[in-house]
Ligand SMILES: C[S@@+](CC[C@H](N)C(=O)[O-])C[C@H]1O[C@@H](n2cnc3c(N)ncnc32)[C@H](O)[C@@H]1O
């Protein structure tokens, strides 16, 4: 395994602290965002609070007693919410040492130190073995992975179940939002956002060794992909 960071990894390593401070603007404990990130808060509004709430509502019926790996965990907000919703343990991984330091400070200051763990790694580095868990979640992460990075990411996972915020090509149909996003990406020199067709992504997940159905669901502005049983009562760890 090499210490070299992927393109998305390098970008996020530099941007995530400011991004998070502007995205979750109600939290005044974060360092100040850059001017440009503060400006984007006006356009983004509370959208990413909504994404987290929607994702939690969808995954909560499955979480009881599970060990979760939250990929691209940033400061651990979703990890905290999944613990509160019944997960036994949540491990968070992120490419940025700085954001993992913040996540660990919060963990140590909170009531669930033993049930949370955070570490830094670039999850698309080939040959990285991520921890063995019951389910992997990732919100706002896999859209930064091109096909090669995506296959590396899927190959590095050790989990039977996936629940992912999915970069569906259908995103471009909301043209105003899509073009505002393009401006943000260009100004920030983000290396790329990659959208996928559903059959194409299903194929990639199967190639990575997952069997069975991959389902997709749109809720509000967001799309999700998972191989969990559609009916939570049929779910077995
Ligand atoms: C858009 S943010 C989403 C953060 C969080 N999941 C949320 O929804 O608030 C993308 C996250 O993925 C992380 N990330 C991006 N590329 C990564 C990589 N190659 N390896 C590990 N983490 C990565 C970033 O550092 C950042 O925390």
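Search the range 139-155 for residues that are farther than 24 Å from residue 82 by Cα and more than 11 Å from the ligand (Cβ to nearest atom) and pair each with any residue that is assigned to a helix (DSSP H, G or I) and at pLDDT 95 or above when their beta-carbon atoms are under 9 Å apart and the residues are at least 6 apart or on different chains. What qualifies is 147/200; 147/204; 151/204; 151/207. Residue 202 - would you say it is in contact with a helix residue (DSSP H, G or I) (Cβ under 6 Å, 6 or more places away or on another chain), in a helix (DSSP H, G or I) and away from the ligand (no atom under 16 Å from the Cβ)? So residue 202 fails the test. Restricting the range 92-137 to residues that are in a strand (DSSP E or B), over 30 Å from residue 32 (Cβ atoms) and touching a residue at least 60 places away in the same chain (Cβ under 8 Å) leaves a set whose member that is nearest to the ligand (Cβ to nearest atom) is 136. Among the conditions (1) more than 25 Å from residue 153 (Cα to Cα); (2) in a loop (DSSP other than H, G, I, E, B), residue 5 misses just one, which is (1).
Take residue 181 and decide whether it is without any contact (Cβ under 8 Å) to a residue 40 or more places away in the chain, touching a helix residue (DSSP H, G or I) at 6+ places or on another chain (Cβ under 9 Å) and surrounded by 18 or more Cβ atoms within 10 Å (Cβ to Cβ). Yes. Selection of the range 206-220 for residues being under 17 Å from residue 196 (Cβ atoms), surrounded by 13 or more Cβ atoms within 10 Å (Cβ to Cβ) and touching a residue at least 12 places away in the same chain (Cβ under 8 Å) yields 208, 210, 214, 215, 216, 217. Number of residues in the range 223-237 that are in contact with a helix residue (DSSP H, G or I) (Cβ under 6 Å, 6 or more places away or on another chain) and without any contact (Cβ under 8 Å) to a residue 60 or more places away in the chain equals 0. When the range 35-86 is filtered for residues that are assigned to a loop (DSSP other than H, G, I, E, B), in contact with a strand residue (DSSP E or B) (Cβ under 7 Å, 6 or more places away or on another chain) and over 17 Å from residue 104 (Cβ atoms), only 66 remains. Suppose the filter is over 25 Å from residue 194 (Cβ atoms), surrounded by fewer than 17 Cβ atoms within 10 Å (Cβ to Cβ) and in contact with a strand residue (DSSP E or B) (Cβ under 6 Å, 6 or more places away or on another chain); does residue 113 pass it? It is false that residue 113 is over 25 Å from residue 194 (Cβ atoms), surrounded by fewer than 17 Cβ atoms within 10 Å (Cβ to Cβ) and in contact with a strand residue (DSSP E or B) (Cβ under 6 Å, 6 or more places away or on another chain). Within the range 1-21, being away from the ligand (no atom under 11 Å from the Cβ) and under 28 Å from residue 219 (Cα atoms) holds for 18, 21. Surrounded by fewer than 20 Cβ atoms within 10 Å (Cβ to Cβ) and touching a residue at least 12 places away in the same chain (Cβ under 8 Å): does that describe residue 25? It is true that residue 25 is surrounded by fewer than 20 Cβ atoms within 10 Å (Cβ to Cβ) and touching a residue at least 12 places away in the same chain (Cβ under 8 Å).
The values are calculated or read from the model by the stated rules, or taken from the named source; none is laboratory data. All figures in this text were calculated on a predicted structure; none of them were measured in a lab. Cβ: placed from backbone, ideal geometry, glycine included. Neighbour counts: every protein chain shown.
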